[in-house]
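All remarks here apply to the structure that follows.
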Amino acid sequence: MGAVSHGEALVIAVGTPPGEDGSADLPHVLAVAREIGRHLTSYRVIIDKSTVPVGTADRVAGEISKSLAERGVSCEFDVVSNPEFLKEGAAVADFMNSDRVVVSSDSPRAIALMLMRYAPFTRNHERLIVIDARSAELTKYPANAMLATRISFLSDLAGIAERAGGYRESPSGYRL
């Protein structure tokens with residue numbers, strides 16, 4: 001995996017589809033962590049962008065450490081949880097003008113790298129929030145719950161308006 005030797009930061013951004021019980025499926029995230037550990041030779045910041053349950057940063061660090069130990073190699077690294085809050089179809093625009101950027105690490109070195117990486121996108125507003133890993137991993141869940149609530153409410157709004165007598169056909173044929 002030649003990608004591990006490039007740059008200071010490695011991003012894990014793989015799917016975490018829900019399992020049968022509804023929990024996030026982490027095999028892909030952990031497989032990437034193991035692969036990073038198999039090829040790591042110098043300090044890197046590993047950034048987890050995937051939607052993951054609380055405690056995943058610790059599991060990613062554990063998988064990398066285990067792979068390094070199997071190789072008999074000692075190498076510094078830091079894991080940062082950096083959940084994304086992007087809308088489908090507007091990911092680039094959302095990234096370029098984020099409402100908030102959440103990062104976590106106990107390492108001042110990793111936080112400094114993240115601040116530097118996000119500086120061009122957070123120059124005009126203080127939108128970068130540095131918190132602990134578990135809180136960062138947790139932030140995605142209320143954001144998703146709020147989005148689901150908004151979508152559900154908007155879907156029901158037409159029915160509510162119709163029952164209140166406000167949902168009708170417009171002169172152009174569109175339903176209001």
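The values are calculated or read from the model by the stated rules, or taken from the named source; none is laboratory data. The structure presented is a predicted model; accordingly, all values stated were derived computationally and were not measured. Cβ: placed from backbone, ideal geometry, glycine included. Neighbour counts: every protein chain shown.
All conditions but one from (1) modelled with pLDDT of 70 or more; (2) of a type outside the set (D, E, K, R); (3) in a helix (DSSP H, G or I) apply to Val130; the one that does not is (3). Exactly one residue among Arg100, Arg134 is surrounded by 12 or more Cβ atoms within 10 Å (Cβ to Cβ), touching a Phe, Trp or Tyr at 6+ places or on another chain (Cβ under 9 Å) and of a type outside the set (Ser, Thr, Tyr), and that residue is Arg100.
A residue that is free of Cβ contacts under 8 Å to residues at least 60 places away in the same chain and assigned to a helix (DSSP H, G or I) cannot be found anywhere in the stretch 74-88. From the list Ala110, Ala119, the one residue that fits, being in a helix (DSSP H, G or I) and within 25 Å of Thr16 (Cα to Cα), is Ala110.
Scan the stretch 95-102 and tell me whether some residue there is within 29 Å of Phe121 (Cα to Cα), among the aromatic types (Phe, Trp, Tyr) and in contact (Cβ under 8 Å) with a residue 40 or more places away in the chain. No, the stretch 95-102 has no match at all.
Determine, yes or no, whether Val92 is modelled with pLDDT of 75 or more, surrounded by 15 or more Cβ atoms within 10 Å (Cβ to Cβ) and not polar (S, T, N, Q). Taking the combined requirement at face value, the residue does not satisfy it. Screening Ala69 on (1) closer than 27 Å to Thr139 by Cα; (2) free of Cβ contacts under 8 Å to residues at least 12 places away in the same chain; (3) part of a helix (DSSP H, G or I) shows it passes everything except condition (1). Sort through Thr56, Thr41 and tell me the only one that's closer than 15 Å to Lys140 by Cα and of a type in the set (S, T, N, Q). From the options Thr56, Thr41, the qualifying one is Thr56. Among the residues of the stretch 65-85, the ones that are hydroxyl-bearing (Ser, Thr, Tyr) and surrounded by 21 or more Cβ atoms within 10 Å (Cβ to Cβ) come to 1 in all. Scanning the stretch 5-52 for residues that are modelled with pLDDT under 90, assigned to a helix (DSSP H, G or I) and over 19 Å from the mean Cα position of the chain (by Cα) yields a total of 1.
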